[in-house]
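The values are calculated or read from the model by the stated rules, or taken from the named source; none is laboratory data. This one's a predicted model, so the numbers in the text were calculated from it and none came from an experiment. For neighbour counting, all protein chains shown are included, and Cβ atoms are generated from backbone atoms with ideal geometry for every residue, glycine included.
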Amino acid sequence: METNEKRQRGRPRAFNPQPDAGAVQSLDRALRILGIVAARDGLSLSEVAAASELPASTTYRMLTTLEAHAMVEFDKNEQLWSIGVGAYRMGAAFLRRRKLVDRARLIMQEIMEKTGETANLGVAEDDCVVFVSQVETHQAIRAFFRPGTRSPFHASGIGKAILAHLPPERVASILRRAGLEAFTDKTLSTGPALASDLAAIRARGWSVDDEERHPGMRCIAAAIFNEFGEPIGGISVSGPTIRVTSERVSEIGPRVRDAAAAITAMIGGHRPD
């Protein structure tokens, strides 16, 4: 249907910024506006303001803040606001994690059955590993990591497997920020000790957390890689040292390494040369 009504321009005629009433209220408004913009291919300022039931000046302030973070984009020719590449990146990050969790589940189930021990999946965050999934063993005594549990890189099997495949400058940066806290008398809390262990991990393809975070618990892990050959997470098998003995480590290690390779292939990744 044709109309002679001209859309209002993407910016108000007069804009006098006012202090936000509150950080939470501002965030709520911004997220509401982001959802409105995401639902359409292009909206004028007046359309966004009407849909959000906010004044044009407030709407414009929210939009420009979102624009600064690439969450929305403004087309100067059409005078329309659209969803930005920043929002895409965040959505893609969620999809990558979801894809990883879903596709790893079967492999985790298989390795739990083969080893008789709990299988864990963790992903790399800025300064730590976050456990996102677990398949528990049926044994009475078992390892348990609630989803969302965080663990330092240097004191977890998955964390060390990830560190082993990061550039040295990135490892140094992480350790400067996070430190090398000693959780047990076996924690690798010095740079040389950790560096030596990381070299061994790279050579064999799997890591061992030998009571370095929790006394009486042992963990064997291997890194999972994305399409760029970057370590994004890892899979591990963990259990009490009375069952996961030093002798069993050499048996479980290759299984975990193969499981990580299978998950890497499932998500379209590849292990770096």
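Contact map, segment 48-68: first residue in contact (Cβ under 8 Å) with a residue 40 or more places away in the chain, second residue exposed (fewer than 15 other Cβ atoms within 10 Å of the Cβ), Cβ cut-off under 7 Å, separation 6 or more or different chains; pairs are 57/15; 57/16; 60/15; 61/17.
Among what's in segment 203-241 and is of a type in the set (S, T, N, Q) and closer than 20 Å to residue 135 by Cα, pick the residue that is farthest from the chain's Cα centre (by Cα). I'd like the intermediate steps shown before the answer.
Restricting attention to segment 203-241, the residues satisfying the condition of being of a type in the set (S, T, N, Q) are 207, 226, 236, 238, 241.
Right, trim to closer than 20 Å to residue 135 by Cα and you get 207, 236, 238, 241.
Working: 207: 20, 236: 17, 238: 21, 241: 29 Å.
Top of the filtered list is 241.
Contact annotation: residue pairs with Cβ atoms under 8 Å, 6 or more positions apart or on different chains, pairing a residue in segment 159-184 that is more than 21 Å from residue 206 (Cβ to Cβ) with a partner that is of a type in the set (Val, Ile, Thr), are 180/187; 180/190; 181/187.
If we only count helices (runs of 4 or more DSSP H) wholly inside segment 10-106, which ones have 1 or more residues that are aliphatic (A, V, I, L, M) and modelled with pLDDT under 85?
Per the criteria, 23-38.
Among the residues making up segment 240-262, a single one is modelled with pLDDT under 95 and either buried (at least 23 other Cβ atoms within 10 Å of the Cβ) or not assigned by TED's automatic domain parsing to the domain that holds residue 200 (or both): 244. Annotation note: Cβ proximity below 7 Å between a residue of segment 194-211 that is at positive phi and a residue that is in a strand (DSSP E or B) and small (Gly, Ala, Ser) (sequence gap 6+ or interchain) occurs for 205/222.
Mind listing whichever residues of segment 178-193 are assigned to a helix (DSSP H, G or I) and under 15 Å from residue 151 (Cβ atoms)?
Our first condition is that a residue be assigned to a helix (DSSP H, G or I); within segment 178-193, this holds for 178, 191-193.
Within segment 178-193, just 178 meets the criteria.
Scoring residue 253 on the criteria (1) assigned to a helix (DSSP H, G or I); (2) within 17 Å of residue 100 (Cβ to Cβ) leaves a single failure, condition (2).
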